[in-house]
Amino acid sequence: MSHVSPCSRLSPLLERTKSEGAEELSEGEEHQEAPFKVGDVLNKRISILGVLGSGAFGTVYIAWDKQTDAHLAVKVQRAGKKHVQVAQDEILLLSAVKRGSETLSKGSDCVVQIVGAFGIPSPHGRQICLALELLGPSLLDLIIDHSYAGCPIPMVASVMRDVLAGLDYLHSGCNIVHTDVKPENVLLRLPSSPADWWTENREDEAPDGSASKLRKGWAEQMKGPVRAKLVDLGNSCFANRPFTQDIQTIEYRCPEVILGAGFSTSADIWSAACIGFELLTGEYLFDPQVGRDNSGEILYEKEDDLLALHQELLGTMPPHLALRGTRSPQFMDEEGKLKRIKSLKFWALEDVLVEKYGMDREEANEVSSFFLPMLRFDPKERSTAAEMLEHPWLKKHAGRL
């Protein structure tokens with residue numbers, strides 16, 4: 001299905017955004033192209049304080065809204081028709097999320113909230129800006145601050161509780177599939193002022209406010225339960241209206257997506273298990289590589305390796321599942337076995353936790369009992385977020401929402 005936005009022009013976008021729950025911020029008249037500098041003012045009220053991060057989509061700034069005296073995260077999308085469509089779709093999805101938060105729907109506080117949206121002209125075309133609540137660092141930052149050695153189990157459980165609660169709300173309350181659940185897209189909630197936290201924990205911020213590294217050891221200073229929110233719905237879709245079948249960052253990609261067998265909300269659950277393992281150990285659950293022979297000739301691609309890694313951890317994929325996708329012939333033979341990787345080395349998750357990570361056998365059994373229901377090959381048999389919130393391991397270490 002082609003990626004067609006329900007909104008075709010900026011003005012209807014702003015009107016719809018307001019009516020669906022996000023405060024309207026009127027269009028500004030700025031003609032400066034991003035990146036912006038500290039002190040620049042957008043929309044006659046949003047003052048740029050620094051850069052939080054950037055990517056293919058554009059740049060996220062920490063900012064201050066002079067009208068409401070509130071700090072925000074402002075996501076400035078790149079110019080161009082494609083980026084405008086993506087921004088419009090994200091605003092519609094975030095507006096649906098916001099409606100639920102206004103009725104205090106369970107789990108809605110585990111998804112980022114939109115404050116408003118506005119457009120600015122630039123030399124390369126209209127740029128759409130999303131004003132969002134300001135949050136803390138990402139799970140990737142948390143993993144890095146723990147030196148890739150893994151986070152304490154209570155911290156992992158607390159974060160997973162919020163991730164699953166956010167997914168349950170998106171799936172059950174909004175009919176939304178996130179499609180890109182990964183550590184970078186889960187941000188921590190801070191008990192105190194987020195703006196003060198960023199000021200205190202960034203090293204050597206450049207005069208122009210460009211993004212800088214976090215101070216080492218910041219995670220040790222966090223007190224109380226670690227809370228989190230899902231962010232970045234730029235690739236998300238309504239479950240009954242997918243824009244593309246090409247979803248998920250590869251390390252967090254589920255088998256049905258690789259095979260072209262369609263996807264649903266259960267794809268997010270697979271990704272959630274992957275980030276939980278990564279939080280716990282500091283390493284990817286699945287880290288696919290391109291296979292080459294001694295001459296450098298490619299023997300298999302990353303997705304071939306990923307399907308092999310899935311089966312080495314979880315057992316052989318049933319043929320009826322392996323052959324169900326439009327891309328199955330690319331990876332599987334007629335019997336549902338991998339075409340390009342013939343030798344598999346099976347290593348069950350519980351054994352991995354004990355033998356590689358030195359976990360006690362009883363603890364490893366409890367941990368694997370939590371992750372494995374989210375990693376079932378059949379999406380229909382994969383546990384839902386609501387079911388996982390009731391899991392004994394999660395209740396034991398994180399308590400209930």
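The table below gives the values:
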quantity	calculated
Test: residue in the range 258-270 that is in contact with a Lys or Arg (Cβ under 6 Å, 6 or more places away or on another chain), surrounded by fewer than 19 Cβ atoms within 10 Å (Cβ to Cβ) and of a type in the set (S, T, N, Q)	no
Where a residue in the range 147-168 is within 20 Å of K216 (Cα to Cα) and its partner, wherever it lies, is among the small types (G, A, S), with Cβ under 6 Å and at least six apart	Y148/G282; A149/G282; G150/G282
Flag for D304 being in contact with a helix residue (DSSP H, G or I) (Cβ under 7 Å, 6 or more places away or on another chain), farther than 30 Å from D168 by Cα and surrounded by 16 or more Cβ atoms within 10 Å (Cβ to Cβ)	yes
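Throughout, read-outs are computed from the coordinates displayed, never taken from laboratory work. This structure is a prediction, so every number in the text was calculated from the model and none was measured. Methodologically, a virtual Cβ is constructed for each residue, glycine included, from the backbone with ideal geometry; neighbour enumeration extends over all protein chains shown.
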